[in-house]
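Since every read-out is calculated from the coordinates, none of them should be taken as a lab result. What you see is a predicted model; the values in this text were computed from it and never measured. Virtual Cβ from ideal backbone geometry, glycine too; neighbours counted across all protein chains shown.
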Amino acid sequence: MKPAARTIANVYKAHWQVELFFKWIKQNLKIKSFVGTSKNAVMTQIWIALCVYLLIAFIKFQSKIHISMQPILQLLQLSLFEKRDLMALLRGDPLIDRYPPDNQPTLF
């Protein structure tokens with residue numbers, strides 16, 4: 001019995017979404033090569049990439065911002081060591097200096 005044309009089209013569409021997902025991971029999460037060669041090392045690296053992807057997708061969903069996930073990832077990479085409000089970062093708000101020059105904290 002032959003599957004219906006609609007079923008074949010749906011399977012192809014689902015397959016294409018999976019292909020696009022892995023293409024995005026390869027391009028944006030930098031899995032060009034694996035750090036380790038054991039099954040555990042490879043699986044760990046893939047799981048970490050998937051977690052990063054899901055976190056970025058969740059940030060995009062929660063922020064209701066209309067930019068793609070790649071610029072969000074780039075913003076996060078550039079601001080990794082800055083203590084900032086995430087939504088302010090995504091909106092492009094300027095960074096407010098917490099310690100003006102006349103009120104710099106001192107160590108002693």
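Modelled this way, with points 7 Å down the Cα-to-C-beta line, the labels at Ile67 and Lys26 are 2.7 nm from one another. In 10 Å bins starting at 0, how do the alpha-carbon pair distances of the chain split up by percent? Calculated over all Cα pairs of the chain, the distribution is 11, 28, 25, 20, 10, 3, 2, 1, 0 percent. For the pair Ala14 and Thr37, a Förster radius of 35 Å applied to the C-beta separation gives a FRET efficiency near 0.65, rounded to the nearest 0.05. Mean residue ellipticity, 222 nm, helices only, the chain: the sum of -39500 (n - 2.57) across DSSP H runs of n ≥ 4, divided by residue count and rounded to 500, is -20000 deg cm²/dmol.
Using only side-chain charges placed at the Cβ, +1 for Lys and Arg and -1 for Asp and Glu, the dipole size of the chain relative to its Cα centre rounds to 740 debye. The angle separating the long axis of helix 69-78 from the principal Cα axis of greatest extent in the chain is about 30 degrees.
A Gaussian network model of the chain, with springs between Cα atoms under 10 Å, assigns the largest mean-square fluctuation among Ile67, Ile48, Ile96 to Ile96. Springs join every pair of Cα atoms under 10 Å in this Gaussian network model of the chain, and among Ser68, Ser79, Ser38 the largest mean-square fluctuation is at Ser38.
Cross-link partners of Lys26 among lysines, defined as those whose alpha carbon lies under 29 angstrom from its own and excluding same-chain residues fewer than eight positions apart: Lys13, Lys39, Lys60, Lys64, Lys83.
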